[in-house]
Every structure is written in C-alpha cells, then in structure tokens.
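What follows is one structure encoded as structure tokens, with my remarks underneath.
The values are calculated or read from the model by the stated rules, or taken from the named source; none is laboratory data. As the structure is a computational prediction, the values presented were derived from the model and not from experiment. Note that we place each Cβ from the backbone using ideal geometry, even for glycine, and neighbour counts take in every protein chain shown.
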Amino acid sequence: MDNFFDLFEIPMQLKVDPASIRPRFFALSRQFHPDFFVNRPAEEQQAALEKTSSLNKAWKTFQQPDELLRYVLEIHGAWISGEKYELSPDFLMEVMEINEAMMDLEEGNKDGILQQASGLQTNMFEPVAPYFSENPFMPTPEKLADLKEYYYRKKYLDRILQGLS
C-alpha cells in the first residue's frame, strides 16, 4: 500500500492544505469507486475497496493536524501504538502547576490558567515550528524525536485544557 502522501502525489509534509488536495481526492474517489468495479474480477474489486479505504483514511488524516503528525511519526517508526512514552520531568512539573491551579479554580482565575497553558503551548511548539514549514519534510532521527516529544506533550496538555472547557 502506498503511504498517504504517495497516494495523493504530494511531498511529505506536516501541514497539508485540504483545499489544495481536494481535486485530487475527488478524482481518485471517482477512479476507484467500488461501483465501477462490480463486473471486474474479485481481486480488482478488493483492490478498489482497499484503495478507497486508504483514500478516505488519508483525506481524514490530512484534515486533522494531530493525526497527520502521528501518521508521519508512525510511517517513520517513531510512533508505536500503545507505547508508554515518558514525558520530561520539567514538562510534568509545569503541567502539575496548571492542574493545581485548576483544582483551586475560581471563575476569575480561569483566564490566568488559560494564559499559562497558552504560554506552555507556544514554548512547546517553538522548537518544532520550522519542521511544519518544510515541504517536503526531511525527517532525521533528531527531528522525529523532537516531534514525538511535541506530540505527546500536546496531547497531554490538550486533555488538561478540555477540562477547562
């Protein structure tokens, strides 16, 4: 199976503009739609179904930045499903401060906690920001390690921020 970038014939990147790939998505959807393979051999029908499934998964992934980042990490062997990734103690201390502030939350303090969390998000993103501009993205072990740390930090912080909503 082609990876999602090969399927759409675009370079690997960490930020995909869905509008730019929409025409390709619709063209491939028409080309591999299972209805056009009804009278074909079973192998061709199965291949069309698999291609359509990959196409839909790719489309969905390209529209969700966190899923796209996870996908890029996965195809390069840097993300493993079910992995017990350990976040750095410094980050966990910062998050613990936010959690403590949330426990003592009074309505007026919500803005302060959101500002603190926003600052942490900005600091987390700064080291990896240049990677999101690369087109094509050129992975190295160091970049993948940085992105993996960012991914897990972001997911952790996102869960906390959902608690504020």
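Tabulated data for the structure shown
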read-out: Considering residues of segment 134-149 that are in contact (Cβ under 8 Å) with a residue 40 or more places away in the chain and assigned to a helix (DSSP H, G or I) only, the residue surrounded by the fewest Cβ atoms within 10 Å (Cβ to Cβ); value: Ala145
read-out: Candidates Lys57, Lys84, Lys110, filtered to the one that is out of contact with any Cys (no Cβ under 7 Å at 6 or more places or on another chain), among the basic types (Lys, Arg) and surrounded by fewer than 11 Cβ atoms within 10 Å (Cβ to Cβ); value: Lys84
read-out: Whichever residue in segment 1-12 is of a type outside the set (Phe, Trp, Tyr) and not in a loop (DSSP other than H, G, I, E, B) and, among such residues, is surrounded by the most Cβ atoms within 10 Å (Cβ to Cβ); value: Leu7
read-out: Residue check for Asn56: in the same structural domain as Met124 (by TED's automatic domain parsing), in a helix (DSSP H, G or I) and not charged (D, E, K, R); value: no
read-out: Test: residue in segment 39-58 that is out of contact with any His (no Cβ under 9 Å at 6 or more places or on another chain), at pLDDT 90 or above and either aromatic (Phe, Trp, Tyr) or closer than 24 Å to Leu157 by Cα (or both); value: no
read-out: Only listed residue being free of Cβ contacts under 8 Å to residues at least 40 places away in the same chain and under 27 Å from Val128 (Cβ atoms), chosen from Ala19, Ala47; value: Ala19
read-out: Test result for Tyr131, buried (at least 17 other Cβ atoms within 10 Å of the Cβ), of a type in the set (Phe, Trp, Tyr) and assigned to a helix (DSSP H, G or I); value: yes
read-out: Residue count, segment 58-101 (criterion: among the aliphatic types (A, V, I, L, M), touching a helix residue (DSSP H, G or I) at 6+ places or on another chain (Cβ under 6 Å) and more than 17 Å from Asp146 (Cβ to Cβ)); value: 3
read-out: Residue satisfying condition, being in a helix (DSSP H, G or I) and closer than 30 Å to Phe8 by Cβ, within set Glu94, Glu100, Glu74, Glu83; value: Glu74
read-out: Qualifying residue in segment 37-47 (condition: touching a Lys or Arg at 6+ places or on another chain (Cβ under 7 Å) and surrounded by 15 or more Cβ atoms within 10 Å (Cβ to Cβ)); value: no
read-out: Criterion: among the basic types (Lys, Arg), over 20 Å from Lys143 (Cα atoms) and surrounded by 14 or more Cβ atoms within 10 Å (Cβ to Cβ) - qualifying residue of Lys51, Lys15; value: Lys51
read-out: Check on Lys154, in contact (Cβ under 8 Å) with a residue 60 or more places away in the chain and either among the charged types (D, E, K, R) or outside any helix (DSSP H, G or I) (or both); value: yes
